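This report refers to the structure that appears directly beneath it.
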Amino acid sequence: MRTEASPDYLNNRFNKEVEEQFNISADLLSQAIENADGVPYQLIFGTGIGDGYFLNMGFGAKQLFGISPGEFTEKLFQQMIEEIIPVSEDIPSDPFETREKIISGVIHKYNAELLVRTQDGEKKWIRDSSVPVIDDKTGKATGLLGIFFDISEHKQTLLELGKAMDRATESDRLKTAFLNNIPHEIRTPLNAIVGFSTLVNEPGQLMQSRLEFQEIITHSSDHLLEIVDDIVEISKIEAKIIRIINKEVNLNQMLQRVYDRFKPEAAEKNILLRYDAPMDEKEIIITTDGYKLFQSLNNLLSNAVKFTFDGKVEFGCSFKDDKIEFYVSDTGIGIGVEHQPNIFKPFYQAESSSTKRYEGTGLGLSIARAYIELLGGEIWFTSEPGKGSVFCFNIPGPGKNSNQP
Ligand code: ADP
């Protein structure tokens, strides 16, 4: 006998089938998302950020955050977040403001990159993409439906790409700065050497003139050698093939040598040159690379004397905690704020090549900084245009062998 199915029965059956189909589709969707390395989630908001709870979280949560889906709470999640970078402009950087805007329906789509420290202590970049779940009655969002993606590899690639770009830009800048300045810097002493070598041999020159010419030739040859040495040195620094050769160094003797070297130039320019030795009467022996320390001081002194026309240049050192701190101060032209961030870059000079008044390669400070860092120290400075500059650096203090009290 054929029986007619009641409308209620049909309705129920239809609803059940729809529900089953829906569950199958939701499962399939979740599986597809998980296979694509994403972790789906549903977040139900609580009274504040961190009070909510997660539902229907993908199994990938364990691998991504080190927490299994059943234990994953909003509080734990918030504790893991170290940085949030909103991806679209309508998302505020303040998380509280963002949550308010999501709840009130202003934000329809949330996209952000999160730096998290997972339960295992590992740092990961996560992409959080979600949409608000709106309550039809109130029109307000009660939670989020979203996916977490691990984008750490992608972020790393971007970081490396950025570094490679920076390196390429820097090497381009180096090449341009080198070509703009060095040929001129080399040609000046070279012209002097060639010109005065011819003159010195000309018959009829007075003895006095010959001596003066010879002095110019010697000075120009030394200067040329310095330029070539600096170029070779900066190439070695860039190639990271500089070695430290530690030996015992008598600090006071070194300061005296630097003083002796610059005394004639300072006297010629009529500026006062003085230095402060730590504990005058004592021999202070430190173990360091004496050549690099001397050269660093030399480069700072060379600038101080070169850029000062009135007043004084002072240098010295003192013990600070477990370090020795050196200073070189001058009452010279100073360095404009616009140049200050760049002066340690190789070949950088505050003067443009077209209006250049001072000789120099723009290598002294970059070599000094590289040396000081190799010696385990740091370099810094303060400067005011028209008033002068103070360059300071430190290196590790005397070891057990030293005579420091
Ligand atoms: P160089 O002195 O050969 O040009 P440096 O690398 O030693 O190269 O210095 C870079 C630039 O920094 C200089 O060209 C100058 O513009 C600025 N500078 C460095 N030291 C001083 C100083 N004591 N006073 C004024 N300017 C300075």
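Cross-link list Lys236/Lys263; Lys236/Lys306; Lys16/Lys109; Lys292/Lys320; Lys124/Lys163; Lys109/Lys137: which exceed 23 angstrom alpha carbon to alpha carbon? Long pairs (Cα-Cα over 23 Å): Lys236/Lys263; Lys236/Lys306; Lys16/Lys109. Over the chain, accessible surface divided per residue gives 61 Å², non-protein components excluded, 1.4 Å probe. Taking a temperature of 25 °C and a viscosity of 0.890 mPa s, what whole-number D in µm²/s does Stokes-Einstein yield for the range 159-396 with Rh from Kirkwood over alpha carbon pairs? Diffusion coefficient, whole number: 125 µm²/s. Multiplying the residue separation of Ser68 and His219 by 0.36 nm and subtracting their alpha-carbon distance yields 46.8 nm. When the chain is treated as a Gaussian network with alpha carbon springs shorter than 10 Å, the biggest mean-square fluctuation among Ile85, Ile237, Ile333 belongs to Ile85.
Between rounded, prolate and oblate, where does the range 222-261 land on the alpha carbon gyration tensor, with a ≥ b ≥ c its root eigenvalues, rounded for a/c under 1.5, else prolate if a/b exceeds b/c? It is oblate, given that a/c is not under 1.5 and a/b is not larger than b/c.
From its DSSP helices (H runs of at least four residues, each -39,500 (n - 2.57)), the chain gives a residue-normalised ellipticity at 222 nm of -15000 deg cm²/dmol.
Each DSSP beta bridge with both residues in the range 159-396 is either parallel or antiparallel, and the antiparallel ones are about 85%. Calculated FRET efficiency, Glu160 to Thr188, Cβ-Cβ distance, R0 = 41 Å: about 0.45 to the nearest 0.05. Cα gyration tensor of the range 8-150, axes a ≥ b ≥ c as square roots of the eigenvalues: rounded (a/c below 1.5), prolate (a/b > b/c) or oblate? Because a/c hits 1.5 or more and a/b fails to exceed b/c, the range 8-150 counts as oblate.
If the segment from Asn180 to Arg257 were pulled out straight at 0.36 nm per residue, it would be longer than the present Cα-Cα gap by 24.3 nm.
Here Ile85 and Ile241 are evaluated by their C-beta separation; at R0 = 41 Å the FRET efficiency comes out at 0.60.
Could you compute how fast the chain diffuses translationally, taking Rh as the Kirkwood radius over C-alpha pairs and applying Stokes-Einstein at 37 °C with viscosity 0.692 mPa s? Give it in µm² per second. Result for D is 117 µm²/s.
Answer rounded, prolate or oblate for the range 239-307, using the Cα gyration tensor with square roots of eigenvalues a ≥ b ≥ c: rounded when a/c is under 1.5, else prolate when a/b is larger than b/c, else oblate. Taking the square roots of the gyration eigenvalues as a ≥ b ≥ c, the range 239-307 is oblate. Note on the chain: antiparallel DSSP beta bridges, both residues inside, total approximately 90 percent of the bridges counted. The modelled label-to-label distance for the pair Tyr291/Leu55, using points 7 Å beyond Cα in the direction of Cβ, is 7.4 nm. Residues of the range 322-336 falling in the label zone of Arg357, defined by backbone nitrogen less than 14 Å from a point 7 Å along Cα to beta-carbon, are 332-336. Ignoring the sites themselves, the chain has its longest run without trypsin sites (Lys or Arg not before Pro) in a DSSP loop having at most 16 other Cβ atoms within 10 Å at 3-108. The aspartates and glutamates within cross-link reach of Lys312, meaning a Cα-to-Cα straight distance under 16 Å and a gap of 8 or more places when in the same chain, are Asp260, Glu265, Glu268, Asp276, Asp330, Glu384. Between Gln42 and Glu170, the FRET efficiency estimated from the beta carbon spacing at R0 = 56 angstrom works out to 0.70.
Of all DSSP beta bridges confined to the range 214-343, the antiparallel ones make up roughly 70%.
The values are calculated or read from the model by the stated rules, or taken from the named source; none is laboratory data. These numbers come from a predicted model, not from an experiment. Note: ideal-geometry Cβ built from the backbone for every residue, glycine included; neighbour counts use all protein chains shown. Please note that ligands, DNA and RNA were not included when accessible areas were found on the heavy atoms of the full protein model with its side chains. Shrake-Rupley method; radii C 1.70, N 1.55, O 1.52, S 1.80 Å.
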